[in-house]
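Visitor: Can you keep this structure in mind? I'll have questions shortly.
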Amino acid sequence: MAQNVLITPASTKVAFTDAGDVTTVLRTSSGRFEFKDSGESSFVDLYANDIVLDGNLTVGGTTTTVNTSSVLIEDPILQLAKGQTSGSPTVDIGFLGLRGSSNNAAFIWDESDDVFAAILTTSDGSGTTLTPASYAGFKAGNTILSSGAGTVPLIANQTATGAGWETLFEGKRDGAVDYRVSSNSDMVIVYNPNITSSAHMWFSVNGAYRLALMADGKVGIGTSAPDSNLHIWKATAGSVTASSDAQLVVENSAIAAINLLSGSSSHGQILFGDAADNDDGQFGYDQANREFYWKTAGNNTKRMLIDADGNVGIGTTAPTATLHVRDTSTSSGRWTAAFVADNANIAITAQAHDHVLIQSNDVPSLK
């Protein structure tokens, strides 16, 4: 049978003692209940499960109307501990928002991974841990990341669910997508798809363009306005534009050079090819013998050569004179060398049968 306990007057205290400590419960004349420690010098902590409020909530002297949208707590530090006050940490700590039929949203300290996590979960918060169904998006203003030496301050992981690349970072400025990585303005990476007349994406270091990718696919190194597929720029060559036939442009105000470096016993080569033969023509430099050579028609034979002494060999790889022309063919009447002036029809030739022929207007003058 229920019993009522009546305590009068209204300001009467109820005291609880334990080993000399006294905790009092006082109902004041204003109708408040106060819980204080020994000597009523300070308030004690109140631990409870559910607390139901039909009126307002006053914390730190500020009164807030308790409704479905706002609770103001002005204590500078809010302690969340769900019974975890000592020992090895085992519980997740944070905030959970119940969303009805949708996954509940939570921002927690995930004890299993030792990280803060924004998650969606089917858990209702009645347990000591929350199991993520998925990770939620996160919006913020300025974000400062700090880490110790040898650690990565920002890691972006994304599970690929479809074909192609996935977007990991996106920043917007004036409605345009603008990715930017900056370190004291020394290095900037920007991508803006709305820019079509200049660099579409660029890498800038110390205020200068280092790499620019254009909307039409052209790439500039050192320039934001490449003339061709790849334009390597050191300084302007003047008011000149690269040939439309060129896919590679190297530009400088002084010497413009392409340097091929190979092993001391190997070759540096430029190869010319087509659909039928990828090395139909070859121009190379033999590092071991220090000589240039030319090959044609997909043949591995050196058709012409300039040796280390400056001698030129045609048909021979061992020229013994400034110009050494040789034909190993045995065809009768074949000219092995000819110096011809078409306007006068003058020819000086060396023939296969060891004759020297000088002729004019097709009439031999000397054999």
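Visitor: Considering each residue of region 258-272, count those that are of a type outside the set (V, I, T) and farther than 12 Å from K295 by Cβ, and give that number. Can you show your working first?
Guide: Filtering region 258-272 for residues of a type outside the set (V, I, T) gives 259-269, 271-272.
Cutting the leftovers down to farther than 12 Å from K295 by Cβ gives us 259-266, 268.
Number of matching residues: 9.
Visitor: In addition: Filter region 287-305 for residues that are out of contact with any Leu (no Cβ under 9 Å at 6 or more places or on another chain) and part of a strand (DSSP E or B); which is surrounded by the fewest Cβ atoms within 10 Å (Cβ to Cβ)?
Guide: Taking the candidates together, the pick is M304.
Visitor: On the basis of being out of contact with any helix residue (DSSP H, G or I) (no Cβ under 6 Å at 6 or more places or on another chain) and at pLDDT below 85, does V188 make the cut?
Guide: On the way: out of contact with any helix residue (DSSP H, G or I) (no Cβ under 6 Å at 6 or more places or on another chain): yes; at pLDDT below 85: yes.
Here the answer is yes, as V188 does meet what is asked.
Visitor: For region 245-282, how many residues are outside any loop (DSSP other than H, G, I, E, B), farther than 24 Å from S228 by Cα and not small (G, A, S)?
Guide: Residues that pass the stated criteria total 2.
Visitor: Name the pairs whose Cβ atoms lie under 7 Å apart, with the first residue in region 268-290 and aromatic (F, W, Y), the second assigned to a strand (DSSP E or B) and exposed (fewer than 13 other Cβ atoms within 10 Å of the Cβ), and 6 or more positions between them or separate chains?
Guide: F283/I270
The values are calculated or read from the model by the stated rules, or taken from the named source; none is laboratory data. Values in this document were obtained by computation on a predicted structure and should not be read as measured data. Neighbour counts run over all protein chains shown; Cβ positions are idealised from the backbone, glycine included.
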